[in-house]
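Input: a single structure, listed below in structure tokens.
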Amino acid sequence: MELRGPRVRLRLLVEADFGELSRLLQQPGAAPWWTDPSEMGLRAATIGAPGTVSWSVDVDGHLAGLVSAFDAGWPPGAYVGLAVALGDSWQEHGLGPEALSLVIAHIASERGVHRFTIDPAAENTRAIRAYEKLGFRRVGIMRQSEVAPDGSWRDCMLMDLLIGEFVDQATDR
Ligand SMILES: CC(C)(COP(=O)(O)OP(=O)(O)OC[C@H]1O[C@@H](n2cnc3c(N)ncnc32)[C@H](O)[C@@H]1OP(=O)(O)O)[C@@H](O)C(=O)NCCC(=O)NCCS
């Protein structure tokens with residue numbers, strides 16, 4: 001299943017993507033925000049995780065990053081959690097919100113999902129800003145909810161989006 005936006009194409013992640021993705025997520029702009037960018041860590045967080053669907057982000061034929069969507073809530077799958085990361089060259093061009101928009105629109109239309117969550121590290125102010133552009137709101141701080149790359153616990157900002165508040169960032173500009 002391929003999802004296409006004005007600048008971004010998403011296709012289901014495959015084993016062959018992990019080498020390049022691991023390299024991208026160890027770059028200085030991404031590394032502080034991804035717990036385990038090793039190939040094994042990426043596999044465990046994506047195609048190895050039950051209830052998770054992951055896509056590679058392709059920009060002009062280059063692998064730029066990944067997006068994951070995982071079932072959450074009660075009953076299981078009542079809502080969907082999201083994660084995204086791009087390599088350094090692809091950050092700050094609106095490509096993260098575009099990729100997330102494609103996934104949100106796809107899941108909402110295919111499954112009727114009404115709520116999405118995302119939980120960046122509380123200090124990841126760039127990510128929080130990017131998600132607010134999609135209509136995500138800050139719910140609050142989840143204390144010590146994520147393992148940082150140095151192995152310590154850190155706080156995350158839980159953000160949620162109700163589908164009626166979605167501001168699609170994958171429309172042609
Ligand atoms: C987080 C991420 C997905 C966002 O996607 P993106 O395409 O870079 O985001 P955008 O370019 O649309 O928006 C970034 C916004 O943050 C703003 N910004 C940049 N640095 C900032 C900072 N230090 N504090 C606050 N806002 C900042 C930019 O000005 C921009 O806002 P604007 O469009 O209103 O000007 C991407 O940067 C990324 O992959 N980062 C590395 C990994 C990561 O942090 N993943 C998230 C884990 S939850």
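The values are calculated or read from the model by the stated rules, or taken from the named source; none is laboratory data. What you are looking at is a predicted structure, and each value in this text was computed from that prediction instead of being measured. Note: ideal-geometry Cβ built from the backbone for every residue, glycine included; neighbour counts use all protein chains shown. With ligands, DNA and RNA removed, areas are computed over all heavy atoms of the protein, side chains included. Shrake-Rupley method; radii C 1.70, N 1.55, O 1.52, S 1.80 Å.
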message = Springs between alpha-carbon pairs under 10 angstrom, Gaussian network model over the chain: which of 115, 138, 126 fluctuates most?
response = 126
remark   = Full extension between residue 31 and residue 146 adds, at 0.36 nm per residue less the Cα distance, a length in nm of 40.0 nm
request  = Quick one: compute the contact order of the range 3-165, relative version, from alpha carbon pairs under 8 angstrom and 6+ residues apart, as a percent.
outcome  = 21
task = Could you provide, to the nearest whole Å², the per residue accessible area of the range 1-160 with probe 1.4 Å?
result = 48
remark   = With residue 56 itself left out, Lys, Arg at +1 and Asp, Glu at -1 over residues whose Cβ is under 12 Å from its Cβ give -3
remark   = Diffing the range 85-91: the Karplus 3J(HN,Hα) column from phi (6.51, -1.76, 1.60, θ = phi - 60°), in whole Hz with x for Gly and Pro, holds 7, 10, x, 4, 5, 9, 7
ask   = Roughly how many percent of the accessible protein surface of the range 3-165 is carbon and sulfur, given a 1.4 Å probe and a whole-percent answer?
value = 54
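Could you work out the relative contact order of the range 1-93, using alpha carbon pairs under 8 angstrom and six or more residues apart, expressed as a whole percent?
27
Relative to the present Cα-Cα distance, how much length would full extension add between residue 44 and residue 133 at 0.36 nm per residue of separation?
In short, 29.1 nm is gained.
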key: Assigned charges on the beta-carbon of Lys, Arg, Asp, Glu; the chain dipole about Cα centre (debye)   = 340
task = Convert each backbone phi in the range 26-39 into a coupling constant with the Karplus relation 6.51 cos²θ - 1.76 cosθ + 1.60 (shift: θ = phi - 60°), then list the ³J(HN,Hα) values in order as whole Hz, x for Gly and Pro.
result = 9, 6, x, x, 9, 3, x, 10, 10, 4, 9, x, 5, 4
task = Kindly provide the helix-only [θ] at 222 nm of the chain, computed as the sum of -39,500 (n - 2.57) over DSSP H runs of four or more divided by all residues, to the nearest 500 deg cm²/dmol?
result = -7000 deg cm²/dmol
Cα→Cβ-extended label distance, 7 Å offset, between residue 123 and residue 110, nm = 3.6
query = Residue farthest toward the positive end of the dipole of the chain, with Cβ of Lys/Arg at +1 and Asp/Glu at -1: which of 90, 102, 59?
reply = 102
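Once you list every other residue whose beta carbon is under 11 Å from the beta carbon of residue 15, what net charge do they have if Lys and Arg are +1 and Asp and Glu are -1? Can you show the working numbers first?
On the way: positive: 43; negative: 17, 39.
It works out to a net charge of -1.
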Residue 168-residue 89 FRET efficiency (beta carbon distance; Förster radius 35 Å; 0.05 resolution) = 0.90
